Amino acid sequence: MRIAASLLLAVLALSTIPSNAQSSASSQVVAQTPPMGWNSWNYFAEKVTDKDIRASADQIVSTGMKDAGYVYVNIDDTWEGQRDANGVLHTNSKFPDMKALADYVHSKGLKIGIYSSPGPKTCAGFEASLGHEEQDAQLYASWGIDYLKYDLCSFIPAVMQKQAPNDKAAQMRLMIAAYDKMDKALKATGRPIVFSLCQYGWDSVWEWAPALGGNLWRTTGDINAHWDRIYAIVSQQSGLESYAGPGHWNDPDMLEVGNGKLSLAENRSHFSWWALLAAPLLAGNDLPNMKPEINAILTNRDVIAIDQDPLGQQGRHAYSDGEVEVWVRNLQGGALAIGVFNVGSDRYSTHPFHLNLAKLNLRANQTGKDLWTGKQVALTENEPIELPSHDVFLVRIDKPKQK
Ligand code: GLA
């Protein structure tokens, strides 16, 4: 009986997918390395317009970011208008013609992303996808959308709390079903669309998101451009390493590099951590007014290569010594990245700090490349490393000598 029921369900599921979509949907390969691009929220928030997206796409090309690997130009919340009598969602006046905008972004050799919620409203209170999932997915595909960030928000009060008050397990099932529904709707379009889950890292999302087609999932609440918030987010990533891999990534939120009052050291550390964490690299700064030193951080090819390493193995916090944290990431071909971070705020420098190679299972001496100075370095056992507050030493060792 049970087998018959699941067979029936399988047949039903298949019959809802147009036959031409089945083959292309099953061959969709996206996000084999963590997605790279730019998203409008962290700088523009609700003020973003069509003009800003075009200008950002132009800048991604002219600043060398495209050549360095940034490809997705993602519109976050507040593009949505109203639905018409047929339920078709229209853009609001800030985005007069989404198809034309997508064509423009594509003409630059880039891809375009969009945003919605499984609830009735988005987080900023705009029209979202509840009850219109298939229709919206088809609409995105008709515009040429390549990436969807799907943000839980109003689904919590409108569906989870309403339909299953005080029943956390049932609420979780409703949430999973909502993400599953949109994943199926996206796949049914036959267009490769990166599916980004945004539900703030609740209910061990990393355990179930990959199975229902999630290419990335937020592991935390929102980031902001302050060291304390960035460090708090980093501190929540330990233990999630095994869930990341090609096609499915932990997402500690979009980059704040170049935003707010982050110092250059803090921007370097933020970018280094995201690379060690195999995190999506979605810049979120004001690209037309980007300073050269911020551009240099975002386009540091050696650091990007750590993030985009094809092995796809997320790095981990190896050990701490006072206010110094040592992180490591295994890379393809047996190479290794080591990040030493001065997370302390009170003292100017880490002096005296000595890198303990034995704790990393390494023998002395090692040679590698300092990825922020570009210089070759030699590391002896107990190598003294002096770092100003919030700065990082990031080294790549291609042939580490194991203990
Ligand atoms: C939530 C998300 C943010 C952003 C806003 C938009 O807060 O976590 O990343 O998308 O919604 O309203």
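The values are calculated or read from the model by the stated rules, or taken from the named source; none is laboratory data. On a predicted model such as this, the values are computed, not experimentally measured, just so you know. Neighbour counts are summed over all protein chains in view; Cβ atoms, including those assigned to glycine, are modelled from backbone coordinates with ideal geometry. For the accessible areas, the whole protein counts, side chains as well, though only heavy atoms, and no ligand, DNA or RNA atoms are used. Shrake-Rupley method; radii C 1.70, N 1.55, O 1.52, S 1.80 Å.
Summary table
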quantity: Counted residues, the range 106-135 - those being surrounded by 24 or more Cβ atoms within 10 Å (Cβ to Cβ) and more than 18 Å from the chain's Cα centre (by Cα); calculated: 3
quantity: Residues located in the range 222-238, provided they are open to solvent by less than 50 Å² (accessible area, probe 1.4 Å) and free of Cβ contacts under 8 Å to residues at least 24 places away in the same chain; calculated: 232, 233
quantity: Residue that is in a loop (DSSP other than H, G, I, E, B), touching a helix residue (DSSP H, G or I) at 6+ places or on another chain (Cβ under 8 Å) and within 16 Å of the ligand (Cβ to nearest atom), where the choices are 52, 76; calculated: 76
quantity: Residue selected from the range 343-377 under the condition touching a residue at least 40 places away in the same chain (Cβ under 8 Å) and not in a loop (DSSP other than H, G, I, E, B), by the criterion farthest from the chain's Cα centre (by Cα); calculated: 358
quantity: Subset of the range 37-49 [in a helix (DSSP H, G or I) and in contact with a Gly (Cβ under 8 Å, 6 or more places away or on another chain)]; calculated: 41, 42, 43
quantity: Selection from the range 290-304 of residues that are touching a residue at least 40 places away in the same chain (Cβ under 8 Å) and either at positive phi or surrounded by fewer than 24 Cβ atoms within 10 Å (Cβ to Cβ) (or both); calculated: 290, 295, 297, 299, 300, 301, 302, 304
quantity: Subset of the range 245-268 (residues that are part of a loop (DSSP other than H, G, I, E, B), in contact with a Leu (Cβ under 8 Å, 6 or more places away or on another chain) and either touching a residue at least 40 places away in the same chain (Cβ under 8 Å) or over 21 Å from residue 330 (Cβ atoms) (or both)); calculated: 254, 255, 256, 257, 258
quantity: Lone qualifier among 319, 348 - being among the hydroxyl-bearing types (Ser, Thr, Tyr) and in contact with a helix residue (DSSP H, G or I) (Cβ under 9 Å, 6 or more places away or on another chain); calculated: 319
quantity: Qualifying residue in the range 275-289 (condition: among the aliphatic types (A, V, I, L, M), free of Cβ contacts under 8 Å to residues at least 60 places away in the same chain and assigned to a loop (DSSP other than H, G, I, E, B)); calculated: yes
quantity: Unique match (being open to solvent by less than 40 Å² (accessible area, probe 1.4 Å), among the aromatic types (Phe, Trp, Tyr) and under 28 Å from residue 306 (Cα atoms)) among 38, 79; calculated: 38
quantity: Which listed residue is away from the ligand (no atom under 16 Å from the Cβ), within 23 Å of residue 201 (Cβ to Cβ) and among the charged types (D, E, K, R), from 168, 149; calculated: 168
quantity: Matching residues in the range 152-185 - criterion: being buried (at least 21 other Cβ atoms within 10 Å of the Cβ) and either at pLDDT below 95 or more than 17 Å from residue 208 (Cβ to Cβ) (or both); calculated: 153, 185
quantity: Among the residues listed as 136, 58, 103, 67, the single one being closer than 25 Å to residue 179 by Cβ, part of a helix (DSSP H, G or I) and away from the ligand (no atom under 16 Å from the Cβ); calculated: 136
